[in-house]
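The values are calculated or read from the model by the stated rules, or taken from the named source; none is laboratory data. Please read these numbers as outputs of a predicted model, since none were measured by experiment. FYI the Cβ positions are ideal-geometry reconstructions off the backbone, even for glycines, and counts take in every protein chain you see.
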Amino acid sequence: MSSPASTPGGRKRGRNANPPTPNSEDPTSPPSQRRRGQDSSAGDLMPMPTSPATDLLSPAAPQDTSLFSSPRPSGPNEVDISSPLVYGTPSSRVEGTPRSGVRGTPARQRPDLGSVRKAPQVDLHSDQPSADNAVASEPSAGQNLVIWGTDVNVGTCKEKFQRFLQRFIDPTSTEDENAGLDLNEPLYMQKLEEISVVGDPVLNVNCRHVQSFDAELYRQLICYPQEVIPTFDMAVNELFFERFPDSVLEYQIQVRPYNALKTKNMRNLNPEDIDQLITLGGMVIRTSQLIPEMQEAFFQCQVCAFSARVEVDRGRIAEPAVCRNCNNTHSMTLVHNRSVFSDKQMIKIQESPEDMPAGQTPHTTILYAHNDLVDKVQPGDRVNITGIYRAVPMRVHPRQSNVRSVYKTHIDAIHFRKTDEKRLHGLDQDGEQKLFTEDRVQTLKELAAKPDVYERLASALAPSIYEHEDIKKGILLQLFGGTRKDFSQTGRGNFRAEVNILLCGDPGTSKSQLLQYVYNLVPRGQYTSGKGSSAVGLTAYVMKDPETRQLVLQTGALVLSDNGICCIDEFDKMSDNTRSVLHEVMEQQTLSIAKAGIICQLNARTAVLAAANPVESQWNPKKTTIENIQLPHTLLSRFDLIFLMLDPQDEAYDRRLAHHLVSLYYQSEEQMEEEFLDMAVLKDYIAYARTYISPRLSEEASQALIEAYVDMRKIGSGRGMVSAYPRQLESLIRLAEAHAKVRFSEKVETIDVEEAKRLHREALKQSATDPRTGFVDISILTTGMSATARKRKEEVAQALKKLIQAKGKTPAMKYQQLLEDLRGQSETVRTSSCL
Amino acid sequence: MLSTQDWIHAPLGVVEEKFAAAQKGSSPGWEAEVVEFFKEQLKEKSAQSLVPSLNDVPLHYLKPNSLVKFRCFIQDMFDPEFYMGVYETVDGPTDAKMLHCGKYRDVAECGVDFNSKNTVTAERQTFYCVPIPGENLWVKDGYAGSSQARVVASTSYVPSRQKRSYEEDEDMDTQPQKQAHAGLQGPTDLQSNADCKRQETEAPPTQAASASHLDLNFPLPGERGPACLVKVYEDWESFKLNDALEVFGILSVSPALSALAEERDASSSFLDPTEGMETAEEQRVHSPPASLVPRLHVLHAKPLQHNNPLLPHATSDDNGAFLSSTVAEMASVRAELLAYFTHVLLGDGLAAEFLLLHLLSSVYSRRDALPLGKFTLNLSGLPAASYSERLYQILQQLVPCSWYLAMSLQNMNQTRLRPRKDYTANRLVSGSLQLAQNTSLFLDETRLEPGQLDATGVCNVTALGNVITWQKVDYDFNYHQMEFPCNINVLIASEGRSLLPSDCRVHLEAQVTPAHLEEYLSSIQAFPQTSSQLNRFRIYLSVARLLDYSISDQMTKYVEEDFVEMRKDDPQGVSADDLHRMLVVARLLCLSLGQNHLSRDGWLRAKHMEMLRRSRMEQHQTVNGNEP
């Protein structure tokens, strides 16, 4: 069995094996019969340990032989430490403070480790007079003692953990908690140092670290958290006070493990997880009032005023029936205000919507937070909690002998980790990081290596929508997004990496369908309709929580789709007021809110995919985009790509369209299945690329971009128009980066730029073509008016001025008359709508 | 038939037997065996009808711990619960230990040894089920009738009008004279008997509900019937919210369950940190008194493909024969039904055709976000307001489940259409759009008057729009929305063009002069319709919906060609949407004729119907001028 790996030579306890219990090889599933958690409520009868026999007897025998052969008996000091009397209740009572090094610091109770503290875990072999004679006769058996019902040897476990603390180094750590720590030094020793400085006696331990360091220790931690964590506590405190003997802490350091890999999803919880350490993700939906929970009851005799303290044991108080002083029966009364209480809070969490299978309602789980974890989370928070899963049988009713054969389950929370907290500050890698299996990554990479991956993905996008290849390509690039660049050092802040797209076109060209598809595809998508949403619904609003009377900031669609895509249908029907909030979001990617005493700036790094209908319900090819959709050009210029979705009206197209639609209606189940798989692959592909790939511009690519931009500027300059602005250059960069992401390439190369150019030109050709001249004129989008239109406007103004001057000094002029005259004067003006 | 009685009256005995056998070490798979046993017993339709149904027998006439069936709709899913699958009891004086099986029970025996190592914890899931919302009277009667005819001899139901305690109930199992009486009842009496029985079924819960202020959370207002906590032991992942099911299970109405809840409040929970934490509301919702909301431990559950009592179950053997016999006469029934609809729709044959197709439509699959097969019909140009109501009453007679929503301002602003999660009580508060699949939703827009829609109203209209276009309802989970797909046939009755989107709009052209309208309307109801004719219609509508359908390659080509031609002729007027619609119409048309593939004839007919409809629309466009 596992001997503690690489024990330092100087140590006394050389090779003491852990007792090989039947389940020690199997870190995940202890037998489900193991029911220590619910052995309460059997009345006042303290249950004798009835069951460990099978667990312990058999391993005990081989154990002993090894012990006998061991030449060195353990020193008295060691035996003392691992004495069950100390370890059994390490944190329960003040007088239980172990060791001298921890001197004055009181141990704080850990209700999070359960009310079963005094369960028969102290029963080591040696203490058991009846059962195992072999061990009982062995006085120096201390080394091989294990906590009852487990295979945890306190001494070994402690030593292992101390070694872990002293040696564990994680050079690749990216957690923000570890910011400022030297990654090449033992991580947790630095944290202890931090504790000595800050004085917050909580040590958070990442279980994954424990696992990588010592898998056996990890298994014990997961399977027997109730026993192992107090042991860890002790180990830490010893180490701490050895190192910082002078530091003063409020109470002893408590170890809070997190990130246990046991369970990620509430739906997977099953009876086997009871009493194990689990980590769950979810959303807080309710928190209760603070509940004072009695830890120690204070009784006083009404006759002689003799007082007695009784510790609460598994939610029960054994009320002393007889006063020990005066021997009166039933004279003891409870004195509430001298009893000891601890804080407790009930929290309900609900499955996160992402984890849920379709068509089912989310599950909820009750959670108890204790002491300083109370009020750590608020309803609506996304959290990862680590705790011990418990099941308690429904209580026997005093007047009833029947029991409901149902257990109540809850989790005693040990550690909270808000997953959405970080999103306010920076990029959330942790919460979003989907775990990809090796196989999956391999398939994705294979797919990426194909030369036509770009076309493939584009055609996998919304297969029910026919054609519009370029639009799909644009949306594909939007899904991937550009690379995030941080220029906050130079004062410009973050650059927008998201690609915004506007689709406009005739009604019934499946714009909405496309939006719906995208919304269903991305994990953090929001879908709103311009008609139905207000500025408030898009941004955020402040409301008073009816229960707490607190002001609460409720976030709207744009904030909710941070790092996702916000699909806005009927963009044109949105009120100007509402649209104005989009200005900030679409360029600065933030949302500023100043209302009801809350002033803040929220991140809204969302890509916007909008769809708009032309004002006249049919697209008028004789008008410009601006005139057709009547959107302010300030907003339009923030879209990287503006596509027109028009009915091409061409026979070949019709034929293909018909084929496509008809096949939609008769395709078999299998084919549908295939398609579905495609969507899953596409999802993963995008998620993978978004998390792991961040392409940078190569030298040639930058040259190509510069050329492209200069070319774009040149086109217009000949005719006195500006055909490109720096914003277009930025768009090009983003698109090129996104295209590189599609190829899983860390470098933006010339082909990416070529495609970006092509797509951009394609979109421009559609949307920024001046219907009067047939030239592409970017100023239609940037200023709302084409250069020719502006020229004409100037001409008219000139002509009008001339006319008025020619009329001489007349006090008033008839408008109609003037118009007539003007018309007569100039032929060109007739068609102009500027008047 | 002694064995039959046994497994119906004391199913737990069967379970125990198997459990005991397993304990002796003979078969480890006893749990599967139990399930298999009941599945086997229930294979026969006759056996199924022997089991009393919670839907039509009042709860207090049912024997506790007996096998019952329940036709229900999953309204909410509670959290899974852990229970003692196997536990050991210690008998006080003798100290004898005994193993018990905790499966299919709520309450354990006395003297449970919690420290026993033999305890096995298992998991089960609880669904909150209500009768299928919007189920029409004829469906209820049909089920009740079919079960009554054969069941009386074996149920504990005795048509005496007194309430009795459960103990008495057991004694009165056999009452020969009453049974004889019931057995002699002819089919004519059946209806009335079922009627009064239903009233009885409904009366006690409602009275009790009003007394205890317990909201049973029915999706539709005015619904009645028992709600039930259904405990599922096997593959509960396969069940979805809003599924319609028929469950066979062991009824548990132990008063201990309710006592537990009631007395909890009385006894101080001060020293009891684990209980008393749930709010009173949650307590009330999750463990309501068993007399109001019985528990049902599922032995066998099957999803209902249709809710038509006149059709055999999809699983039974005679299904195929039944289908082929009905398909054969489908064309003639169709003609009859069409004539009937034409009459009802004031002589408008085209509208009748579309109405018929609409009643057959069903979402048969989804592509991306797009539901295929839905066919929302907007009947515009309806005459007097009372007409739409009458129309609904007629449809009610034909479809198994339906609901009438008068879109009055008040209704739109006040009713809750979308279900909402109530975190205080931890349950899904139902909304009117939480409907089982293939429920007909009749939206009466003629009731709409000018006025202001408030926030709720706007939400409701959006929700209706979503149902129509995407066939989905966004449930409100307070912190987020969750999308649930649905399959609801929406029929909009309006005067002008509806404010809601629709797949197809038909303007009604009444052949009856307004002068005679009143008279005509009153005669609609009296239109001669024998119950056998009605039943034929009902069977027809359900069967046509269940038929398979395919399009051959040849037809695909043909349709493509045709579409291209159409576009050539009228590039502006024909769009992809039109092709979508025509494909759906053609599909429904073929199904309505009992054909399971697209025929050239069907396609041409669909095209022709579309053309007629369009030309009629254009006519009205020019007349009204307010069309888009």
Original post:
Has the stretch B:369-388 got any residue that is under 30 Å from residue A:366 (Cα atoms), among the aliphatic types (A, V, I, L, M) and modelled with pLDDT of 85 or more?
Top reply: no
Subject >> Single residue of the stretch B:436-454 satisfying the filter (among the hydrophobic types (A, V, I, L, M, F, W, C) and in contact with a helix residue (DSSP H, G or I) (Cβ under 9 Å, 6 or more places away or on another chain)) that is nearest to the other protein chains (Cβ to nearest Cβ) >> reply: B:453
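Conditions tested, residue by residue: (1) surrounded by fewer than 19 Cβ atoms within 10 Å (Cβ to Cβ); (2) at pLDDT below 75; (3) in a helix (DSSP H, G or I).
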| residue | (1), (2), (3) |
| --- | --- |
| A:739 | no, no, yes |
| A:759 | no, no, yes |
| A:802 | yes, no, yes |
| A:809 | yes, yes, no |
| A:816 | yes, no, yes |
| A:820 | yes, no, yes |
Original post:
Does residue A:658 qualify as being modelled with pLDDT of 75 or more and either of a type in the set (S, T, N, Q) or surrounded by 23 or more Cβ atoms within 10 Å (Cβ to Cβ) (or both)?
Top reply: yes
Subject >> Failed criterion for residue B:348 (all others in (1) farther than 23 Å from residue B:486 by Cβ; (2) modelled with pLDDT of 85 or more; (3) out of contact with any Asp or Glu (no Cβ under 8 Å at 6 or more places or on another chain); (4) not aromatic (Phe, Trp, Tyr) hold) >> reply: (3)
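Of B:491, B:534, B:464, which residue is more than 14 Å from chain A (Cβ to nearest Cβ), in contact (Cβ under 8 Å) with a residue 24 or more places away in the chain, buried (at least 17 other Cβ atoms within 10 Å of the Cβ) and not in a loop (DSSP other than H, G, I, E, B)?
Answer to the selection: B:491.
Specify the residue that is surrounded by the fewest Cβ atoms within 10 Å (Cβ to Cβ); the eligible residues are those in the stretch A:267-315 that are of a type in the set (S, T, N, Q) and within 12 Å of chain B (Cβ to nearest Cβ).
The selected residue is A:289.
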**OP:** Kindly check whether there is at least one residue in the stretch B:120-137 that is surrounded by fewer than 19 Cβ atoms within 10 Å (Cβ to Cβ), more than 10 Å from every other protein chain (Cβ to nearest Cβ), out of contact with any helix residue (DSSP H, G or I) (no Cβ under 6 Å at 6 or more places or on another chain) and at pLDDT 70 or above.
**Re:** yes
**OP:** Report yes if residue B:411 is under 21 Å from residue B:465 (Cβ atoms) and surrounded by 21 or more Cβ atoms within 10 Å (Cβ to Cβ), otherwise no.
**Re:** no
Subject >> Residue ID - modelled with the lowest pLDDT, chosen from residues in the stretch B:1-12 that are part of a helix (DSSP H, G or I) and exposed (fewer than 12 other Cβ atoms within 10 Å of the Cβ) >> reply: B:2
Original post:
Quick check: anything in the stretch A:333-350 farther than 24 Å from residue A:202 by Cα and modelled with pLDDT under 80?
Top reply: no
Subject >> Filter result for residue B:40 (away from chain A (no Cβ under 14 Å) and surrounded by fewer than 16 Cβ atoms within 10 Å (Cβ to Cβ)) >> reply: yes
Subject >> Spans of strands (runs of 3 or more DSSP E) in the stretch B:47-118 with at least 2 residues more than 13 Å from every other protein chain (Cβ to nearest Cβ) and within 30 Å of residue B:486 (Cβ to Cβ) >> reply: B:67-77
**OP:** Output the residue which, of all residues in the stretch B:103-119 that are surrounded by fewer than 20 Cβ atoms within 10 Å (Cβ to Cβ) and of a type in the set (Asp, Glu), is nearest to residue B:11 (Cα to Cα).
**Re:** B:109
